[in-house]
Amino acid sequence: MDDLYRELIIERYKMPHHRGQLDPHDISYEDENPLCGDHIRIDLRVAEDGTITEAAFSGHGCAISQAAADLLMEAIIGKHLDDIKGLGRQDVLNLLGFEELGPVRIKCALLPLKVLKAGVYGLGQSGIKIGDEEL
């Protein structure tokens with residue numbers, strides 16, 4: 001992994017730009033990865049036209065899950081909810097600066113996307129798939 005991306009992950013883990021909760025919010029969802037204990041909650045404010053105007057995350061976990069959540073919140077502000085439905089595994093890996101991650105770390109990296117999509121789709125906690133990964 002390139003040192004620049006390693007620094008980005010540590011920086012976003014220690015000093016996230018989008019950590020917090022939105023009250024009121026239009027969409028809120030939370031979930032965890034029972035294998036490692038990472039927990040993410042995502043809150044969104046959405047304009048009438050479906051554009052995300054504010055996004056925040058809270059929770060705890062490893063540097064990869066927390067950095068992924070922070071970078072994902074930054075990436076979705078200003079996007080339409082339909083755009084969120086098209087986000088996938090590679091989008092998150094690109095935000096983090098990875099080509100690929102091992103099977104344990106990929107679940108950490110994709111947890112924020114799983115939570116985001118579940119909130120946008122209004123789904124329950126099971127059965128969310130991102131690519132071939134069921135989270």
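Rule-based calculations on the coordinates, nothing more; no lab input. From a predicted model like this one, the values you see are computed outputs, not experimental measurements. Backbone-built Cβ (ideal geometry, glycine too); neighbour counts: all protein chains shown.
Summary of values
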{"read-out": "Antiparallel DSSP beta bridges within the chain, as percent of all bridges there, nearest 5", "value": "95 percent"}
{"read-out": "Most fluctuating residue given options G102, G122, G78, as computed from a GNM of the chain linking Cα atoms under 10 Å", "value": "G102"}
{"read-out": "20 Å Cα cut-off, lysine pairs counted over region 3-134 (separation 8 or more, or different chains)", "value": "10"}
{"read-out": "Helical mean residue ellipticity (222 nm; -39500 (n - 2.57) per DSSP H run of 4+; nearest 500) of the chain", "value": "-13000 deg cm²/dmol"}
{"read-out": "For region 3-134, alpha-carbon Rg and Dmax in angstrom", "value": "13.5, 41"}
{"read-out": "Cα-based shape type of region 1-72, given that a ≥ b ≥ c are square roots of the gyration tensor eigenvalues and the cut on a/c is 1.5", "value": "oblate"}
{"read-out": "Derived scalar couplings ³J(HN,Hα) [region 95-106; Karplus, 6.51 cos²θ - 1.76 cosθ + 1.60; whole Hz; x for Gly, Pro]", "value": "4, 7, x, 10, 7, 7, 9, x, x, 6, 5, 5"}
{"read-out": "Phi to ³J(HN,Hα) by Karplus 6.51 cos²θ - 1.76 cosθ + 1.60 over region 73-81, Hz, x for Gly, Pro", "value": "4, 4, 5, 8, 4, x, 8, 7, 4"}
{"read-out": "Point-to-point label distance, S28-T53, nm (Cα→Cβ direction, 7 Å offset)", "value": "1.8 nm"}
{"read-out": "Long-range amide H partners of G88 with built H, under 5 Å", "value": "none"}
{"read-out": "Two-site label geometry, V104 and E74: point separation in nm, points 7 Å out along Cα→Cβ", "value": "2.7 nm"}
{"read-out": "Extension gain from D91 to E7, taking 0.36 nm per residue of separation minus the Cα-Cα distance", "value": "28.3 nm"}
{"read-out": "Table column - 3J(HN,Hα) (Hz), region 6-12, Karplus curve with 6.51, -1.76, 1.60, x for Gly and Pro", "value": "4, 5, 4, 4, 5, 4, 5"}
